[in-house]
């Protein structure tokens, strides 16, 4: 009778196999392809100034109609979100003014409640009446979602504050308005 064959596996290899199998199980969390339309979720965002004129509507600028979030020249929108793996934020920026005025600063940032990180700063010159143009903006959000190779940093388990700010860079001599055009969070492999 032949004795059974036993494979000897070093303890380190067993630990590595356990870690890798656990990580592989997490890799699929939140990786579904799709989009999140931030304009459609404006009612869930914190808006400043409170009671300010925040509207979602279609706006044609430079012959290109887009769904926009129209905000006062000085404003803040904050969404509480969790991001899946490979998330990207895509949008267009524009500003309008009834007269010549200083550019509007568009800023996008993210916070976990402890640290704020600035992701975008863009000065957009407002156009009078119909002379505005769309400024494209894209932000990679993959650091804030999905599985990461870390025992301690698990971004997919954090509810992030995604913050949109606008503010005029100079005095506001006349009424102006800022537009976040078609802000979408796109996901997928």
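The values are calculated or read from the model by the stated rules, or taken from the named source; none is laboratory data. None of the values given here were measured: they were computed from a predicted structure. When we count neighbours, we look across all protein chains shown, and the Cβ atoms used for this are built from the backbone with ideal geometry, even at glycine.
Hey, among the residues in region 92-130 that are modelled with pLDDT of 85 or more, part of a loop (DSSP other than H, G, I, E, B) and touching a strand residue (DSSP E or B) at 6+ places or on another chain (Cβ under 9 Å), which one's nearest to residue 63 (Cα to Cα)?
The qualifying residue nearest to residue 63 (Cα to Cα) is 125.
Closer than 15 Å to residue 185 by Cα, at pLDDT 95 or above and part of a helix (DSSP H, G or I), is that true of residue 42?
When the stated conditions are applied, residue 42 passes them.
Would you mention how many residues in region 46-82 are outside any strand (DSSP E or B) and surrounded by fewer than 20 Cβ atoms within 10 Å (Cβ to Cβ)?
The qualifying residues number 10.
Every residue in region 48-83 that is more than 13 Å from residue 180 (Cα to Cα) and touching a helix residue (DSSP H, G or I) at 6+ places or on another chain (Cβ under 7 Å), please.
79, 82, 83, listed by residue number.
Has region 83-90 got any residue that is buried (at least 19 other Cβ atoms within 10 Å of the Cβ), at pLDDT 90 or above and either in a strand (DSSP E or B) or more than 17 Å from the chain's Cα centre (by Cα) (or both)?
Taking every residue of region 83-90 in turn, at least one turns out to be buried (at least 19 other Cβ atoms within 10 Å of the Cβ), at pLDDT 90 or above and either in a strand (DSSP E or B) or more than 17 Å from the chain's Cα centre (by Cα) (or both).
Inspect all residues belonging to region 99-107 and state whether any of them is closer than 30 Å to residue 156 by Cβ, surrounded by 12 or more Cβ atoms within 10 Å (Cβ to Cβ) and touching a residue at least 24 places away in the same chain (Cβ under 8 Å).
yes
Within region 131-160, track down each residue that is modelled with pLDDT of 80 or more, over 11 Å from residue 83 (Cβ atoms) and assigned to a loop (DSSP other than H, G, I, E, B).
133, 134 - these are the residues of region 131-160 that are modelled with pLDDT of 80 or more, over 11 Å from residue 83 (Cβ atoms) and assigned to a loop (DSSP other than H, G, I, E, B).
For the subset of region 161-189 comprising residues that are assigned to a strand (DSSP E or B) and at pLDDT below 90, which member is farthest from the chain's Cα centre (by Cα)?
176
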